[in-house]
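Enquirer: Here it is, the structure in full.
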Amino acid sequence: MKVALVLDDSIDRPDGVQQYVLTLAGYLTRAGHEVHVLCSSASPRDDVTVHSVARNVGVQFNGNGLRIPLATSRRALRGLLERERYDVIHVQIPHSPLFAARVVDEARRLQARSVRIVGTFHILPDGKVSSAGTHMLGRWLRGNLRRFDAFMAVSEPAREFAASAFGISAVVVPCPVDVRGFSAAAAAAAPVPGDGGRLVVAFLGRLVERKGVLELIRALDALPDEVRERLEVRIGGRGPLWGDLEAAVEVSGLSHVSLAGFVAEEDKAAFYADADIAVFPATGGESFGIVLVEAMASLAGRGDGVVLAGANPGYLSVIGARPDVSVDARDADVFAQALLRLIEDPALRAEIHAEQAEHVQQFDVEVVGAKVLEVYGV
């Protein structure tokens, strides 16, 4: 089977949709299928065939810096589709009327129903402006969406929003993550425990408002002095809040904090696995929680740490309903109490660790990939 995975951005960018596409591409390739990625300008890759067929401009949307495509030549798209003749075209949604929608239009005109066109809905807006913008885009794309054969959504909240904003009836198929790979990488990495036996509290993510890194500092600062002294805080990631984060750390009561900056993909498993408490306090705008799956998978491979998540709908769809592992990060006192329970109760951490190590297996790419193939009609 020949599959085209279509996204409006560059595959080079380290973001959630790109991770979805590359992880799924790897699974499909291992399963014996030929996989191409159709995207905006990108570097050639050894692991998948990339067609750079659009040019992008930068915009801000839903708390993220995104790039959207300029109008793409229909003639060029027709030439590509005529040459490649894909069996399945899999579009990441929401998609641009000026690129991915044109791929769908031209493929349907060229191949009629001999090509199966499916989509995955990825987002859950954070705020009224992004929600309104998405609803407007949904109305613009209604005609194009009728050319699709089937839809997936990465979580139940994303499925509900896809129905309301786009009129899409989707089946929930979560983001695929190489759970086994993260576990193995964590097991192979040399542990870096907290200095002087301190518990390690770790955060990794973009330093933007909705990811909650400043809320984490405020919650840690609300802990009793003697508890803070027992902690080593490790923060990974870059972004526009870097200066604010440095200032918040400086004025806080925290004495053992390290700002790691950018953490390379190959180093993420070790970073997660060294944590006693891996904290991802996003306040909203999350349709799923790839970072939660990566962290749980890494901790399943080594150590006895746990994952604590922000109680936003997308993260709750991944972490589960147990109240010990989710918190409203905007309430510093409540957040601090959640941290304190985990810090003071190693038996509770051990119980949660065992649950999460089992829970995370459902997100492994081998499990999720099989569900995607069902939607493909294989």
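Enquirer: Might you tell me the accessible area per residue for the chain, computed with a 1.4 Å probe and given in Å²?
Expert: 41 Å²
Enquirer: Once you charge only the Cβ atoms, +1 for Lys and Arg and -1 for Asp and Glu, what is the size of the charge dipole of the chain about its Cα centre, to the nearest 20 debye?
Expert: 2400 debye
Enquirer: Calculate for the chain the 222 nm mean residue ellipticity that helices alone would give, adding -39,500 (n - 2.57) per DSSP H run of length 4 or more and normalising by residue count, nearest 500 deg cm²/dmol.
Expert: The helix-only estimate for the chain comes to -12500 deg cm²/dmol at 222 nm.
Enquirer: Next question, about the same structure. Taking the chain, how much of its Cα-Cα pair set, in percent, is spaced more than 36 angstrom apart?
Expert: More than 36 Å apart: 24 percent of the Cα pairs in the chain.
Enquirer: Okay, moving on. For Lys268, what accessible surface area do you get with a 1.4 Å probe? Give it in Å², rounded to 10.
Expert: Accessible area, nearest 10 Å²: 20 Å².
Enquirer: On a 1.4 Å probe surface of the protein chains, which of Val318, Val367 comes out largest in accessible area, and what is the full order?
Expert: So the residues, ranked largest to smallest area, are Val367, Val318.
Enquirer: How big is the charge dipole of the stretch 195-316 about its Cα centre, in debye rounded to the nearest 20, if each Lys and Arg gets +1 on its Cβ and each Asp and Glu gets -1 on its Cβ?
Expert: 260 debye
Enquirer: Can I ask one more? Multiplying the sequence separation of His135 and Ala347 by 0.36 nm and subtracting their Cα-Cα distance, what value in nm do you get?
Expert: Result for the pair: 71.7 nm of gain on full extension.
Enquirer: Further question on the same structure: Based on the alpha-carbon set only, what is the convex hull volume of the stretch 250-305 divided per residue, in Å³?
Expert: Expressed per residue, the convex hull around the Cα atoms of the stretch 250-305 is 121 Å³.
Enquirer: In debye, nearest 20, what is the charge dipole magnitude of the stretch 129-262 about its Cα centre with +1 on Lys and Arg Cβ and -1 on Asp and Glu Cβ, if you could check?
Expert: Using Cβ point charges on Lys, Arg, Asp and Glu, the stretch 129-262 gives about 860 debye.
Enquirer: Here's another thing I want to ask about it. Need one word for the stretch 144-191: rounded, prolate or oblate. Basis is the Cα gyration tensor (sqrt eigenvalues a ≥ b ≥ c); a/c below 1.5 gives rounded, then a/b vs b/c decides.
Expert: prolate
Enquirer: Which of the aspartates and glutamates could a cross-linker span from Lys211 if the Cα-Cα distance has to be under 13 Å and same-chain partners fewer than 8 positions apart are dropped?
Expert: Cα-Cα hits under 13 Å: Asp126, Glu286, Asp328.
Enquirer: With equal scatterers on the alpha carbons only and no solvent term, can you work out the Debye log10 of I(q)/I(0) for the stretch 1-43 at 0.21, 0.30, 0.34 1/Å?
Expert: Here log10 of I(q) over I(0) equals -0.63, -1.08, -1.22.
Enquirer: Related question: Could you please state how large a percent of the accessible area of the chain is carbon and sulfur, counting protein chains only and using a 1.4 Å probe?
Expert: Reported share for carbon and sulfur atoms: 52 percent.
Enquirer: For the stretch 230-377, with equal point scatterers placed on the C-alpha atoms only and solvent neglected, what are the log10 I(q)/I(0) values from the Debye formula at q = 0.11, 0.12, 0.18 1/Å, to two decimals?
Expert: For the stretch 230-377 at q = 0.11, 0.12, 0.18 Å⁻¹, log10 I(q)/I(0) is -0.45, -0.54, -1.20.
Enquirer: Also, I was wondering about something else. Would you pull out the residues with amide H under 5 Å of Met152's amide H, same chain only if 5 or more places away, H placed 1.01 Å from N?
Expert: Amide H neighbours of Met152, under 5 Å, 5+ apart: Gly119, Thr120, Phe121, Val171.
Enquirer: Now a separate question. Between rounded, prolate and oblate, where does the stretch 193-274 land on the alpha carbon gyration tensor, with a ≥ b ≥ c its root eigenvalues, rounded for a/c under 1.5, else prolate if a/b exceeds b/c?
Expert: oblate
Enquirer: Find which of Pro14, Ala71, Val257 sits farthest along the positive direction of the dipole of the chain, computed with +1 on the beta-carbon of Lys and Arg, -1 on that of Asp and Glu, about the Cα centre.
Expert: Checked the options; the winner is Ala71.
Enquirer: Report the one residue of Trp242, Phe280, Ala170 whose Cα lies farthest in the direction of the positive end of the charge dipole of the chain (charges on C-beta: Lys and Arg +1, Asp and Glu -1; origin at the Cα centre).
Expert: Towards the positive end, the residue furthest out is Ala170.
Enquirer: First check a/c for the stretch 121-225, with a ≥ b ≥ c the square roots of the eigenvalues of its C-alpha gyration tensor; if it is under 1.5, answer rounded, and if not, answer prolate when a/b is larger than b/c or oblate otherwise.
Expert: It comes out oblate by the Cα gyration axes.
Enquirer: Would you work out the relative contact order for the stretch 69-190, in percent, from Cα pairs under 8 angstrom that are 6 or more residues apart?
Expert: 22 percent
The values are calculated or read from the model by the stated rules, or taken from the named source; none is laboratory data. The structure presented is a predicted model; accordingly, all values stated were derived computationally and were not measured. When we count neighbours, we look across all protein chains shown, and the Cβ atoms used for this are built from the backbone with ideal geometry, even at glycine. Just so you know, the surface numbers come from the protein's heavy atoms only, side chains and all, with ligands and any DNA or RNA stripped out. Shrake-Rupley method; radii C 1.70, N 1.55, O 1.52, S 1.80 Å.
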